[in-house]
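Student: Once you've had a glance at the structure underneath, I'll fire off some questions.
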Amino acid sequence: MSNLKAPVVILNFKTYLESSGENALELAKALESASAESGITMVAAPQAIDIYKIKEETGIPVLSQHIDAVSPGGHTGSNLFESFVESGIDGSLLNHSEKRMTLADIAAVTKMLEDEKLISCICTNNVETSVAAATLSPTYVAVEPPELIGTGIPVSKADPEVVSGSVDKVKAIDKNVSVLCGAGISTGEDMAAAIELGAEGVLLASGIIKAESPKDALLDLVSKI
Ligand code: G3P
């Protein structure tokens, strides 16, 4: 799998208790049923330890949250690409602002994913880093200003220029790279504004994970597109 039908919703499970262990599986099932009801592609990005179970029990695409740029051997505590592939991932987030990587490591892991025809989603924090990420030709560049993450203040409204600027510059470098945006996105209006700015989907977390009913929150998210 290397391309998902746009628009896409990628839910980063991070390390919230509400999206860990058994709760991770429940949340993945909410994504699966919201996706079936709305017809919108919805993707889970759970912690590494929850991937197997979610792949076994749901049919949704699954990304890992991070992959270490290490080869098989002596790297205690690292997360090995080959193990993720065996667990059935469809791809990975890379360079999230909560798990930054060196440029060399981003390039190495993007290449590993590309070689296996898996999805790469490189997170960036501004237009300049979106440009740098685009030169690596990942599947997605996801621009997320860190200061808006977890605030409930949507990037698509608070900083529309970082989204439209990333779309323009990324497409000028490689028109096959899709731009997503994230940070503070939670409602249908937030997502509609993102699509209006040229994004092909959103990467989000707390607004859905902390919602009383994640499935209802997901349906609301895609209700205006
Ligand atoms: O990766 C998604 C993210 O960092 C945005 O988080 O909680 O603002 O939706 P949140």
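The values are calculated or read from the model by the stated rules, or taken from the named source; none is laboratory data. The structure presented is a predicted model; accordingly, all values stated were derived computationally and were not measured. We place every Cβ from the backbone using ideal geometry, glycine too, and count neighbours over all the protein chains shown. With ligands, DNA and RNA removed, areas are computed over all heavy atoms of the protein, side chains included. Shrake-Rupley method; radii C 1.70, N 1.55, O 1.52, S 1.80 Å.
Student: Tell me, which residue of the stretch 186-225 that is within 16 Å of Y16 (Cα to Cα) and more than 8 Å from the ligand (Cβ to nearest atom) is surrounded by the fewest Cβ atoms within 10 Å (Cβ to Cβ)?
Tutor: By that ranking, first place goes to E212.
Student: Right, another one. Just checking, does the stretch 125-147 include any residue being crowded, with 23+ Cβ neighbours inside 10 Å, within 10 Å of the ligand (Cβ to nearest atom) and of a type outside the set (D, E)?
Tutor: Scanning the stretch 125-147, I find at least one residue that is crowded, with 23+ Cβ neighbours inside 10 Å, within 10 Å of the ligand (Cβ to nearest atom) and of a type outside the set (D, E), so the answer is yes.
Student: How many residues does the stretch 153-185 hold that are part of a loop (DSSP other than H, G, I, E, B), open to solvent by 50 Å² or more (accessible area, probe 1.4 Å) and touching a Ser or Thr at 6+ places or on another chain (Cβ under 8 Å)?
Tutor: Count: 1.
Student: Sort through A34, A24, A45, A28 and tell me the only one that's touching a Cys at 6+ places or on another chain (Cβ under 9 Å) and not aromatic (F, W, Y).
Tutor: Values: A34 fails: touching a Cys at 6+ places or on another chain (Cβ under 9 Å); A24 fails: touching a Cys at 6+ places or on another chain (Cβ under 9 Å); A28 fails: touching a Cys at 6+ places or on another chain (Cβ under 9 Å).
That would be A45, the only listed residue that is touching a Cys at 6+ places or on another chain (Cβ under 9 Å) and not aromatic (F, W, Y).
Student: Would you confirm whether or not the stretch 29-43 contains a residue that is within 15 Å of the ligand (Cβ to nearest atom) and open to solvent by 10 Å² or more (accessible area, probe 1.4 Å)? Step through it out loud before you land on a result.
Tutor: Going through the stretch 29-43, the residues within 15 Å of the ligand (Cβ to nearest atom) turn out to be 31, 42-43.
Those left that are additionally open to solvent by 10 Å² or more (accessible area, probe 1.4 Å): none.
No, the stretch 29-43 contains no residue that is within 15 Å of the ligand (Cβ to nearest atom) and open to solvent by 10 Å² or more (accessible area, probe 1.4 Å).
For (1) away from the ligand (no atom under 16 Å from the Cβ); (2) over 14 Å from Y140 (Cβ atoms); (3) surrounded by fewer than 17 Cβ atoms within 10 Å (Cβ to Cβ); (4) within 18 Å of the chain's Cα centre (by Cα), each residue gets a yes or a no:
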| site | (1), (2), (3), (4) |
| --- | --- |
| G77 | yes, yes, yes, no |
| F81 | yes, yes, no, yes |
| N95 | no, no, no, yes |
| M101 | no, yes, no, yes |
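Student: Within the bounds of the stretch 111-123, is there any residue that is open to solvent by 10 Å² or more (accessible area, probe 1.4 Å) and within 16 Å of the ligand (Cβ to nearest atom)?
Tutor: First, pick out the residues of the stretch 111-123 that are open to solvent by 10 Å² or more (accessible area, probe 1.4 Å): 111-112, 114-118.
From what's left, within 16 Å of the ligand (Cβ to nearest atom): none.
The answer is no, given that none of the residues of the stretch 111-123 is open to solvent by 10 Å² or more (accessible area, probe 1.4 Å) and within 16 Å of the ligand (Cβ to nearest atom).
Student: Another question, if that's okay. Out of curiosity, is N176 closer than 30 Å to E82 by Cα and either touching a His at 6+ places or on another chain (Cβ under 7 Å) or within 16 Å of the ligand (Cβ to nearest atom) (or both)?
Tutor: Working: closer than 30 Å to E82 by Cα: yes; either touching a His at 6+ places or on another chain (Cβ under 7 Å) or within 16 Å of the ligand (Cβ to nearest atom) (or both): no.
No: the conditions fail for N176.
Student: For the stretch 52-68, does any single residue satisfy the condition of being over 21 Å from A142 (Cα atoms), touching a strand residue (DSSP E or B) at 6+ places or on another chain (Cβ under 8 Å) and outside any helix (DSSP H, G or I)? Working first, answer last.
Tutor: Of all residues in the stretch 52-68, those over 21 Å from A142 (Cα atoms) come to 52-59.
Going one step further and asking which of them are touching a strand residue (DSSP E or B) at 6+ places or on another chain (Cβ under 8 Å), we end up with 54-55, 58.
Within this subset, residues satisfying the condition of being outside any helix (DSSP H, G or I) are 58.
Yes: one or more hits.
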